[in-house]
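Trainee: If you scroll down you'll find the structure; I have some questions about it.
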Amino acid sequence: PDQWVPFGGREFYMTSAEMDWTIGRAFCQGLGADLASVHGAMANNFVMSLAAARTKLWLGGQRSTSDPNVWAWSDGSPLDYVNWYPGRPKDKAGDYCLQLGVNEALFPNDPTGWNDIPCSFRRSVVCGRATGTAVVTTTPTTTPTTTTTTTATPTCTPSSVTVIDDTNPAVKTRKLLY
């Protein structure tokens, strides 16, 4: 939906663009978040419901490069829930990351399962963060001013500020214009 959607004390943002896992994580970090971690079946199903027709999403799970049996969330939270497809994760050499959803022809009984695939594959990205994370961004504009000698001096003033409003659940963002 390309907007923050609240769920269970957290909020999630799904991109419409596809990117590899590393670029996706950097994208989420630029929003003051990380790739999403899920901590239960309800959260897993909620995140998948954001996808609509897109069925392959990056979550923040990544396999340890030193031990192929160890997985961790990129946000540092505990890996206290798993929903691997049968036979997954695979014990293969390489850089593997956690994909939510897969081709339904392969796993028709559970479109919300997890698969381990190379991190270089391009997928839609789901970012997650705690509700109440304030992110304020400004967009500077340059306004020239003239002096009596007609020398232009640029000044930088914000043209808009986006504020995350966590006090009113009906209004998640407000745009203030200067």
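Trainee: Is there a residue in region 5-25 that is surrounded by 14 or more Cβ atoms within 10 Å (Cβ to Cβ), closer than 22 Å to ARG88 by Cα and touching a Gly at 6+ places or on another chain (Cβ under 6 Å)?
Mentor: No; the residues of region 5-25 include none that is surrounded by 14 or more Cβ atoms within 10 Å (Cβ to Cβ), closer than 22 Å to ARG88 by Cα and touching a Gly at 6+ places or on another chain (Cβ under 6 Å).
Trainee: Let me ask something additional. For a quick check of your reading: which strands (runs of 3 or more DSSP E) sit entirely within region 64-178 and have at least 3 residues that are closer than 22 Å to SER16 by Cα, modelled with pLDDT of 50 or more and open to solvent by less than 40 Å² (accessible area, probe 1.4 Å)?
Mentor: Hits in region 64-178: 96-100, 114-118, 123-130.
Trainee: Any idea how many residues of region 1-45 are in a strand (DSSP E or B), among the hydrophobic types (A, V, I, L, M, F, W, C) and more than 12 Å from SER74 (Cβ to Cβ)?
Mentor: 6
The values are calculated or read from the model by the stated rules, or taken from the named source; none is laboratory data. Computed from a predicted model, the values in this text were never measured in an experiment. Virtual Cβ from ideal backbone geometry, glycine too; neighbours counted across all protein chains shown. These accessible areas exclude ligands, DNA and RNA; they are computed on the full protein's heavy atoms, side chains included. Shrake-Rupley method; radii C 1.70, N 1.55, O 1.52, S 1.80 Å.
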